[in-house]
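Reviewing the structure listed below.
The values are calculated or read from the model by the stated rules, or taken from the named source; none is laboratory data. In this text, all values refer to a predicted model and were calculated from it rather than measured experimentally. Heads up, the Cβs are rebuilt from the backbone with ideal geometry, glycines too, and the neighbour counts pull from every protein chain shown.
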Amino acid sequence: MDHPLEIQTGPINGPMMIRPRQFGDDRGVFSETWRHQHFEAALGQQVQFVQDNESISGKGVLRGLHFQVPNRAQGKLVRVVRGAALDVAVDLRKTSPTYGQHQTAMLTGENRWQFWVPPGFAHGFATLEEDTVFCYKCTEVYSPEHEQSLRWNDPTLNIQWGLEQPLLSAKDELAPLFSDFDSPFE
């Protein structure tokens, strides 16, 4: 049997693109979007998801860059069910050769890719279509006292979001710069 997941890795060790196999006929398409054993085999490590989240956003919304610090750091498996989003993971691991670098993923309801963002990364996304439905599994529950963020348009990070005037939360507008950040991740 072929491997049930298509895997793509990028320039940063950790994040990866994952696409489950799809089966289509004249009725439509079926896909098993997540199975524990297949996901762990792809990652080569154990992962336990404890919370699922969903957001629905209009075109031009930017959420991020968010993360939770240890001992509540989150890994996220993200996907777009409807619409399109540019997803971004920023490496916050101080000892990593790619510290401060980012990896992007184009996620759409049509391409069915999922993006694994491990603990130790800041995460954000920008919606590119109206009514974009963004879903993600988390390895840790949301903890406001452990949540931090970085400025979406930080010049050091130089992320090309493709949006000139995104719609942001007040918290995201005031997030600290990367140059003022002392990472708790090794």
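Brief remarks on what is shown
- Residues of region 75-85 satisfying the condition of being out of contact with any Ser or Thr (no Cβ under 6 Å at 6 or more places or on another chain), under 16 Å from Trp116 (Cβ atoms) and either surrounded by fewer than 19 Cβ atoms within 10 Å (Cβ to Cβ) or not aliphatic (A, V, I, L, M) (or both): Lys76, Arg79
- The combined condition, being of a type in the set (A, V, I, L, M, F, W, C), surrounded by 18 or more Cβ atoms within 10 Å (Cβ to Cβ) and either modelled with pLDDT under 95 or farther than 30 Å from Ser31 by Cβ (or both), is not fulfilled by Phe121.
- Residue ID - surrounded by the most Cβ atoms within 10 Å (Cβ to Cβ), chosen from residues in region 97-112 that are polar (S, T, N, Q) and under 18 Å from Thr9 (Cβ atoms): Gln103
- Within region 152-172, residues that are aliphatic (A, V, I, L, M) reach partners that are part of a helix (DSSP H, G or I) with beta carbons closer than 7 Å, at six or more positions or on different chains, in the pairs Leu157/Phe178.
The rows are residues; the columns are (1) of a type in the set (Phe, Trp, Tyr); (2) within 16 Å of the chain's Cα centre (by Cα).
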site: Leu92; (1), (2): no, yes
site: Pro118; (1), (2): no, yes
site: Phe134; (1), (2): yes, yes
site: Pro144; (1), (2): no, no
site: Gly162; (1), (2): no, no
site: Pro166; (1), (2): no, no
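- Options Phe23, Phe67, Phe30: the member that is surrounded by 14 or more Cβ atoms within 10 Å (Cβ to Cβ) and either of a type in the set (Phe, Trp, Tyr) or assigned to a helix (DSSP H, G or I) (or both): Phe67
- Test result for Phe49, within 28 Å of Ser96 (Cβ to Cβ), among the hydrophobic types (A, V, I, L, M, F, W, C) and either assigned to a strand (DSSP E or B) or out of contact with any helix residue (DSSP H, G or I) (no Cβ under 8 Å at 6 or more places or on another chain) (or both): yes
- Picking from residues in region 86-96 that are within 17 Å of Asn153 (Cβ to Cβ) and touching a residue at least 40 places away in the same chain (Cβ under 8 Å), the one that is surrounded by the fewest Cβ atoms within 10 Å (Cβ to Cβ) is Leu86.
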